[in-house]
Amino acid sequence: MDSILVTGNGPLNGQIPIAGAKNACLTLMPATLLSEEPLTLTNAPRLSDIKTMTALLQSLGAEVSSLQDGQVLAMSSHDLTSHTADYEIVRKMRASNLVLGPLLARFGEAIVSLPGGCAIGARPMDLHVEGLEALGAEIELEDGYLHARAPGGLKGAVHEMRFASVGATENIVMAATLAKGTTVLKNAAREPEIVDLVECLRKMGAQISGEGTSTIEIQGVDRLHGATHQVVTDRIELGTYMLAPAICGGEVELLGGRMSLVDSFAEKLEAAGVSVSETSKGLKVARKNGRVRSVDVVTEPFPGFPTDLQAQMMALMCTAEGTSVLEERIFENRFMHAPELVRMGANIEVHGGTATVTGVEQLKGAPVMATDLRASVSLILAGLAAEGETTVSRVYHLDRGYEHVVRKLEGVGAKIERIKGQ
């Protein structure tokens, strides 16, 4: 099993290109199931999760070709052979559940295994089921699979979600594009990945308005056609690499970054004493004089502070002046990186969904273990700022969400290498 060796090496300087968004691409790929015509995605990230979704779509009979070194995905669902998303694929990644809405909308039936993914708490499907049932679907759980039917087709409805779930919003919106009549989805999630999905669906002929707000209206159409769409910049990769010069010092330009994707996160960095500015090519981040200041963080749905940047922000707060409190409101069990940071000399106390971090002047390199995708990169960031060597094991998590991490960090002066497992 591979590991990553990081040696603290001082300030970072240079440029890091930011890839297309993993979470957006994983949502856009199932949209191919809504149409017989081809859907082509450009600026696709080259990640193991994308390969997993590719395998899932191919298991349904869709054609998926990876072109231009994986940055272009050419897909077609003109001749599907199955409506069943098998457990052996779905268990690897929770985003696999996003085939449910499209299959149900186009074919009137779908059988989808309950999903898997990172071990950061329960990922229930109840909000997805409630929304699809509001559109007239009949859904039962049998042997770990959701059996969904809509023999007369889906019908538009007014539905308010109990929680602004990103995945449920995406599933319901895709399903509603082919429903009869108008669907009004209230308390919808507002994330940029949803806006990106709607822009793609609109190119395919969908009639949707209100994306980016808490109320999305979808006027169902009889069919959708093909389209070509560029995947939006990955705001989580962007935020992660913004933290690299913040924790190590130096100045790094993030190519392709946009402030609108990371407003609330950038505000916290500014409050901590880190400069964030827009350039003609992206965003420039530089740490101001001395140690950063402690800031409190509460994770919230967009446009609030992203849960997917909480672990990385904790790594920064480990060396900040003062004490910070990080409250996790999105997922349970999302502080599993804290004990690993403590192994590096961090002062962290966790009580339920709250972590209190008292900054220390210097972290120390140590062998640590990644527990999930974002935890893995938080340990790499901590290693960049630590004295000595840090070995991060179980980095297969990393490959799910970050392409060419070693190459990108080496490019700005980090001392980092991937060690192949035996």
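Can you work out the FRET efficiency for the pair Lys364 and Arg46, with r the C-beta to C-beta distance and R0 = 45 Å, to the nearest 0.05?
Once rounded, the FRET efficiency stands at 0.85.
So between Ala55 and Leu5, what do we pick up on full extension, going 0.36 nm a residue minus the alpha carbon distance?
14.9 nm
Compute the FRET efficiency between Val184 and Val342 as 1/(1 + (r/R0)^6), taking r as their Cβ-Cβ distance and R0 = 35 Å, and round to the nearest 0.05.
0.15
Fully extended, how many nm does the chain gain between Asp79 and Glu37 (0.36 nm per residue separation, minus their Cα-Cα distance)?
Full extension of this stretch gives 14.1 nm more.
Can you pull the Kirkwood radius for the chain, inverse mean 1/r over Cα pairs, to one decimal in Å?
After inverting the mean inverse Cα-Cα distance, the result is 21.9 Å.
How many Å³ per residue does the convex hull of the Cα positions in region 119-259 occupy?
139
If you bin the C-alpha pair distances of region 51-154 every 5 Å from 0, what whole percents do you get?
3, 12, 22, 22, 19, 13, 6, 2, 0
Taking other Cβ within 10 Å of each residue's Cβ, how do Thr390, Thr182 sort, fewest first?
With the fewest neighbours first, Thr390, Thr182 line up as Thr182, Thr390.
Taking the beta-carbon count within 10 Å as an exposure proxy, list Thr32, Thr40, Thr371 from fewest neighbours to most.
Final ranking by Cβ density, sparse to dense: Thr40, Thr371, Thr32.
Which of Ser65, Ser275 has the fewest other C-beta atoms within 10 Å, and how do the rest follow up to the most?
By the 10 Å Cβ count, ascending: Ser65, Ser275.
Once you sort the root eigenvalues of the Cα gyration tensor of region 22-230 as a ≥ b ≥ c, which label holds: rounded (a/c under 1.5), prolate (a/b larger than b/c) or oblate (the other case)?
Taking the square roots of the gyration eigenvalues as a ≥ b ≥ c, region 22-230 is rounded.
Cα gyration tensor of region 271-422, axes a ≥ b ≥ c as square roots of the eigenvalues: rounded (a/c below 1.5), prolate (a/b > b/c) or oblate?
rounded
Given N residues in region 221-332, what is its alpha carbon radius of gyration divided by 2.2 N^0.38 Å?
1.21
Among the listed pairs Lys22/Lys284; Lys268/Lys288; Lys284/Lys415; Lys22/Lys408; Lys22/Lys155; Lys284/Lys420, which have their C-alpha atoms separated by more than 24 angstrom in this model?
Distance filter (> 24 Å) returns Lys22/Lys155; Lys284/Lys420.
As an exercise, use a Förster radius of 41 Å and the Cβ-Cβ distance of Arg407 and Thr356 to find the FRET efficiency, rounded to the nearest 0.05.
Plugging the Cβ-Cβ distance into 1/(1 + (r/R0)^6) gives 0.70.
At 222 nm, what value in deg cm²/dmol follows for the chain if DSSP H runs of at least 4 each add -39500 (n - 2.57) and the sum is divided by all its residues, to the nearest 500?
Per the formula, -8000 deg cm²/dmol.
Which shape class applies to region 255-311: rounded if a/c is under 1.5, otherwise prolate when a/b exceeds b/c and oblate if not, where a ≥ b ≥ c are the square roots of the Cα gyration tensor eigenvalues?
Verdict is oblate for region 255-311.
Take region 1-87, compute every pairwise Cα distance, and split them into 5 Å bins from 0; I just need the percent in each bin.
With a bin width of 5 Å, the distribution comes to 3, 12, 21, 19, 14, 10, 7, 6, 4, 3, 1.
Residue by residue through region 341-358, which ³J(HN,Hα) values in whole Hz follow from phi under the Karplus form 6.51 cos²θ - 1.76 cosθ + 1.60 (θ = phi - 60°), with glycine and proline marked x?
5, 4, 4, 8, x, 6, 10, 10, 10, 10, 10, x, x, 10, 10, 9, 10, 9
Throughout, read-outs are computed from the coordinates displayed, never taken from laboratory work. Keep in mind it's a predicted model, so treat the numbers as computed, not measured. Note that each Cβ is placed from the backbone with ideal geometry, even for glycine, and that neighbours are counted across all protein chains shown.
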